[in-house]
Amino acid sequence: MKADTYEYLSDWARENIAKGRAEGQAEGKAEGKAEAILAVLAARDIQVPDEFRDKIRKCHDLERLDGWIRVAATVESAEVLMDDEL
């Protein structure tokens, strides 16, 4: 005899699970973009001070990270990358 099992989740629980999953995906994207920035800078032999590394890794603003990725390809120093005008 096979017993069917059903996992009941309330609407509230489903919404919170979906929200947590979306937040986790966004966090993963931010981490990936931050590591991409650091990889580009390392490949270009640009020294990145620890305080800048921390700022890049703690950033979760995907638009800002995208901007930093574009700029990382052409900047001459990490200080230019950290310019808030970007």
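Coordinate-derived values only; no laboratory data. Because the structure is a prediction, the values reported are computed rather than measured. Note that each Cβ is placed from the backbone with ideal geometry, even for glycine, and that neighbours are counted across all protein chains shown.
Filtering the range 24-58 down to residues that are surrounded by fewer than 12 Cβ atoms within 10 Å (Cβ to Cβ) and of a type in the set (D, E, K, R), which residue is nearest to residue 74 (Cα to Cα)?
Selected residue: 45.
At least 2 residues that are acidic (Asp, Glu) and under 26 Å from residue 23 (Cβ atoms) in each: list the helices (runs of 4 or more DSSP H) lying fully within the range 39-86 that qualify.
Correct list: 62-72.
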